[in-house]
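Input: a single structure, listed below in structure tokens.
Nothing in this text is a laboratory measurement; each read-out follows from the coordinates by a stated rule. Given the structure is predicted, the values throughout are model-derived calculations rather than measurements. Note: ideal-geometry Cβ built from the backbone for every residue, glycine included; neighbour counts use all protein chains shown.
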Amino acid sequence: MARTISYQKQMTHHLLPEISRDWLRDVTNCFLIRDPAEVIASYIKKNPEAQLNDLGFVQQAEIFDFVRRQTGSIPPVIDADDVVRDPERMLRLLCDAIGVEFSDAMLSWPPGPRDTDGIWAKYWYAEVERSTGFQLYRERKIELPDHLREMEQRCRECYEQLHAVRLR
């Protein structure tokens, strides 16, 4: 019997605390993480006045803990760097973890915008729209302004919690 897969990308900082998270028990949750320094460096290009809650790390850790408690298991976590280093391997691991058949079609896509990109696409997706597949991994040296060090450290604490249980 064929299954229908419905994908939702949730921005963790958009799942406000006053909104019930009970529905998360009834879906397959996967968590994508990315190094906090890279996230902050990218984010401040669009919003130089970034605040901790704008970045979603604290919320992601809270949601991860909620899902883990509710399901009694550790939901799959993948790190963006691991995906870029070896896209096929990481996507195969993720597919295995959630019971989805891997397809080579997951490794490439046509360039351009998609109807499903949503309202934020014009602000964030220009590079994705130009791409047709995963870019080769390249080491990046990120230097954040001193006033963001404390925020980066708090984000890193949340990131490390999920990084420790990521798929490998």
Checklist outcome for this item: For segment 90-122, listing trypsin sites (Lys or Arg not before Pro) in a DSSP loop whose Cβ sees at most 16 other Cβ atoms within 10 Å gives 114
Next on the checklist: Only Cα pairs within less than 10 Å get springs; with that Gaussian network setup on the chain, which residue of 81, 35, 117 has the largest fluctuation?
Outcome noted: 117
Checklist entry - 222 nm [θ] for the chain, helices only, -39500 (n - 2.57) per DSSP H run of 4+, per residue, to 500? => result -12000 deg cm²/dmol
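I need the semi-axes of the equivalent ellipsoid of the chain: take the C-alpha gyration tensor, multiply each eigenvalue by 5, square-root it, list largest first in whole angstrom. Before the final figure, lay out each step's value.
Values: eigenvalues 124, 96, 58 Å².
With the √(5λ) rule applied to the chain, the semi-axes are 25, 22, 17 Å.
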Item to check | Residue order, fewest to most beta carbons within 10 Å, for 106, 11, 151, 90 | outcome: 11, 106, 151, 90
Next on the checklist: Just to confirm my numbers, what's the Cα centroid distance between segment 121-162 and segment 37-96 in Å?
Outcome noted: 10 Å
Item to check | Per DSSP, loop chymotrypsin sites (Phe, Trp or Tyr not before Pro) in segment 1-47 with at most 16 further Cβ within 10 Å | outcome: 7
Checklist entry - Longest exposed-loop-site-free stretch of the chain, with GluC sites (Glu not before Pro), DSSP loop and at most 15 other Cβ within 10 Å? => result 50-100
Checklist entry - Using a simple charge model, +1 on the beta-carbon of Lys and Arg, -1 on the beta-carbon of Asp and Glu, nothing else, what dipole does segment 12-163 show about its Cα centre, in debye to the nearest 20? => result 120 debye
Checklist entry - Taking amide H positions as placed 1.01 Å from N in the peptide plane, with prolines and chain starts having none, which residues 5 or more places from residue 77, or on another chain, fall under 5 Å of its amide H? => result 31, 167
Checklist entry - Ranking 71, 12, 4 by Cβ neighbours within 10 Å, fewest first, what do you get? => result 4, 71, 12
